Amino acid sequence: MIINIGELVGIVPEGVMRKQGGEMSETGVLKDAWLRVEDGLIKDFGSMTDCPDVEGEVLDAEGGMVIPSFCDSHTHLVYAGSREGEFLDKIEGLSYEEIAARGGGILNSSDLLHRTSEDELYEQSMGRVREVLAVGTGAIEIKSGYGLNPGDELKMLRVIRRIRESVPAVVRATFLGAHAVGRGYTREGYVDAVVEMMPKAAELADYVDVFCDEGFFSTEDTERILKAGTACGLWPKIHADELAVIGGVEVAVRHNALSVDHLERSGPDQIEALRGTATMPTMLPGSSFFLGIPFGRAKDFIHAGLGLALASDYNPGSSPSGDMRFVMALGCIRMRLTPVQAFNAVTLNSAYAMGVAHLVGSVTPGKIANLIVTHPGWNLTRLAYQYRSPFISTVLLRGLPLAI
Ligand code: NIG
Ligand code: FE
């Protein structure tokens, strides 16, 4: 039981799986509240003026805010080593594409991953998982995509599975074999190989992803891979419109993708394509910030009546941070979202974008009690405004305090 909650924020009625358009500006708030957890799930909540008799363990929030944990629907946090060398090239002025063209970028991470044992890869990745859980992430999607050959892609997916089994957060796995063309393959040959990997990958993954962008995979490649993925029961989540607009959003929508991610360069045509679909537009402001590329036109999406999710894209090349509070702050500071819109984008909508909105992402009876208790005095606006000050008093995962 949590008592003396200053503001219980993110209350959503049962059955609501995402917010779109004007709904993005709303979230349920109860001031001066209590909340009861049973068997790791949110049982009920109410006002302190009629607080039931307290049984079992009690956590006094002392006036702090309670919000659902952040959901991070797009990460590549299983990787080996780092790409600090390229950071120096970037400072010198090389672009993401130039670094990739020199054989750096994703292929660099893939070579390192190949030389790293599965246990070591798990340990390094768990370090990052612990880091993000401590800053409030309670659900996380993790992609493969630094293997780029059958053996190493499956190694990554097994590491993600092991992470899923070792943490109390909700974890989902995405097969991103088509992240770059693996060494020694032609592009056509590699797309064939990805299609061949699909049945094995599907035993370990929930979703299939393609980096559908200029210099990476074409819409035709994407089409083929998504057909193979959906035939094996993998739901698409697509990288699109990060480097150029080549039709990735449209392919994703045709395949009823769960989400379409990046969208830095998307405009009115992509907004139109997304209207009336089940696909969640997902933006990754951390990579716009780090790469110095445009921020997605989040406001235009919302004004057109669409939903919006924000995720970290935690990866060594374009977003070496998985801090979802910073993502929320960037949503406000650089995309001009209101704090409530940004909050919905990093909780319920990002839960939807990783297919777990029935489990997490809001304060709803029956959902998993993955919650953040803040220090006294915090509210959503201050969270984004005073974006570097520590705000977390306690992280609860399945109702239990995370030992940080
Ligand atoms: O989401 N865009 C493609 N993939 C990653 C970058 C991965 C990397 O550079 O290692 C992204 O930004
Ligand atoms: Fe990504």
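Just a few scattered comments:
- Computed label-point distance, nm, for sites Thr230 and Arg102 using a 7 Å Cα→Cβ extension: 4.1
- Per-residue ³J(HN,Hα) for the stretch 108-124, Karplus 6.51 cos²θ - 1.76 cosθ + 1.60, θ = phi - 60°, Hz, x for Gly and Pro: 4, 5, 5, 4, 5, 5, 4, 7, 9, 5, 4, 5, 5, 4, 4, 4, 4
- Three semi-axes of the equivalent ellipsoid, the stretch 1-128, Cα gyration tensor, whole Å, largest first: 46, 20, 14
- R0 of 35 Å, Cβ-Cβ distance Glu188-Ala134: FRET efficiency to nearest 0.05: 0.20
- Sequence-separation-based contact order of the chain, relative, with Cα cut under 8 Å and 6+ spacing, percent: 22
- On the principal axes of its alpha-carbon atoms, the stretch 90-224 has extents of 42, 40, 27 Å, going from largest to smallest.
- Taking only the Cα atoms of the stretch 255-345, the radius of gyration and Dmax are 12.3, 35 Å.
- Percent of beta bridges antiparallel (DSSP, the chain, rounded to nearest 5): 45
- Convex hull volume per residue, computed on the Cα atoms of the stretch 125-184, equals 76 Å³.
- Here the extension length gained between Cys51 and Lys31 equals 5.9 nm, from 0.36 nm per residue of separation less the Cα-Cα distance.
- When each of the peptides 266-275, 66-75 is scored by how many other beta carbons lie within 10 Å of its residues on average, the order from highest to lowest is 66-75, 266-275.
- Extents of the stretch 279-321, taken as max minus min of Cα coordinates on every principal axis and listed largest first, are 33, 18, 12 Å.
- Value at 222 nm in deg cm²/dmol, rounded to 500, when DSSP H runs of n ≥ 4 in the chain each add -39,500 (n - 2.57): -10500 deg cm²/dmol
- Peptides ranked, highest mean first, by Cβ atoms within 10 Å: ranges 186-196, 49-59, 358-368, 372-382: 358-368, 372-382, 186-196, 49-59
- Cα-based Rg and Dmax for the chain, where Dmax is the largest Cα-Cα distance (Å): 20.5, 68
- The dipole here belongs to the stretch 1-73: it is taken about the Cα centre, uses +1 on the Cβ of Lys and Arg and -1 on the Cβ of Asp and Glu, and is about 360 debye.
- Given charges at Cβ of Lys, Arg, Asp, Glu: the stretch 71-353 dipole, positive-most of Pro294, Val249, Ala311: Ala311
- This model, with +1 at the C-beta of Lys and Arg and -1 at the C-beta of Asp and Glu, gives the stretch 71-353 a dipole about its Cα centre of some 700 debye.
- For the pair Leu400 and Asp269, the difference between a 0.36 nm per residue extended length and the Cα-Cα distance amounts to 42.6 nm.
- Greater than 19 Å apart at Cα, pairs in Lys155/Lys227; Lys19/Lys43; Lys143/Lys367; Lys155/Lys200; Lys143/Lys299: Lys155/Lys227; Lys19/Lys43; Lys143/Lys367; Lys143/Lys299
- Structural size metrics of the stretch 82-167, computed from C-alpha coordinates, are Rg and Dmax of 14.5, 41 Å.
- Computed packing ranks the peptides 387-396, 342-351, 222-231 as 342-351, 222-231, 387-396, most packed first, by mean other Cβ atoms within 10 Å.
- Remark: the Arg334-Ser166 segment gains 56.9 nm on full extension, using 0.36 nm per residue and subtracting the alpha carbon distance.
No value in this document is a laboratory result; all are computed from the given coordinates. For clarity, every value in this text was computed on a predicted model and none was experimentally measured. Please note: Cβ atoms are built from the backbone with ideal geometry, for glycine as well, and neighbour counts cover all protein chains shown.
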